[in-house]
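> My questions will all concern the structure given below.
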Amino acid sequence: MDYIYVSTLSKNCDSNAIGDILSQSREHNKKSHITGLLSHNQTYFLQCLEGSRDAINDTYHHILNDQRHSNVSILYFKEIDCRSFGDWSMGDIPQSHLTTLLKLQFSGSEHFNPYKMSGESAYLMLLELKKNLPSE
Ligand SMILES: Cc1cc2nc3c(=O)[nH]c(=O)nc-3n(C[C@H](O)[C@H](O)[C@H](O)COP(=O)(O)O)c2cc1C
């Protein structure tokens, strides 16, 4: 299953907190055979998770209750035959890459808002973001 959501960073979610999220995620995802990417800027997280339905549901419930972000909103959800992000237990997209791509997606609008993005374009955007990312 492929799953993409967007959320809003909590005020106290700084770079240390993001480092913790990544290390926790990698440790847990390896055990659960989950792969994916985490991208963020100063305001938003955009995350893709891939794995079995049970593993994704279980992890997603933890993520929903996590105080380090809020307003978690599903953008994309699909049964898949093969993984697109299998090289990463949780790939870390550099902040500047997300910001640049979001600006392109929403060119013409000064205040880009990933909550308004279609699921398909969120998926395509993550495929674009993985191109520059070395495998783990
Ligand atoms: C934006 C964001 C993304 C996260 N991604 C994952 C993830 O991919 N896998 C994971 O196990 N935990 C992830 N977490 C952390 C979980 O929310 C939770 O802290 C972790 O699973 C440990 O849960 P527990 O303390 O209830 O055992 C993420 C948290 C945030 C805020």
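> Taking the simple approach of a point 7 Å from Cα along Cα-to-Cβ for both Lys78 and Asn12, what is their distance in nm?
It works out to 3.8 nm between the two label points.
> Stretched out fully, how many nm does the piece from His28 to Gln95 gain, at 0.36 nm a residue minus the Cα gap?
21.8 nm
> Rounded, prolate or oblate: which fits the chain when a ≥ b ≥ c are the square roots of the eigenvalues of the alpha-carbon gyration tensor, with rounded for a/c under 1.5 and prolate only if a/b beats b/c?
rounded
> Follow-up question, since we're still on this one. Taking θ as phi - 60°, what are the ³J(HN,Hα) couplings along region 26-36 by the Karplus curve (6.51, -1.76, 1.60), each to the nearest whole Hz, with x for Gly and Pro?
Running phi through 6.51 cos²θ - 1.76 cosθ + 1.60 with θ = phi - 60° gives 4, 4, 5, 5, 4, 5, 9, 6, 9, 10, x Hz.
Taken together, the values in this text are just the output of simple stated rules run on the coordinates, not laboratory data. Keep in mind that this is a model prediction, so the values were computed, not measured. Positions of Cβ are backbone-derived with ideal geometry, glycine not excepted, and every protein chain shown enters the neighbour counts.
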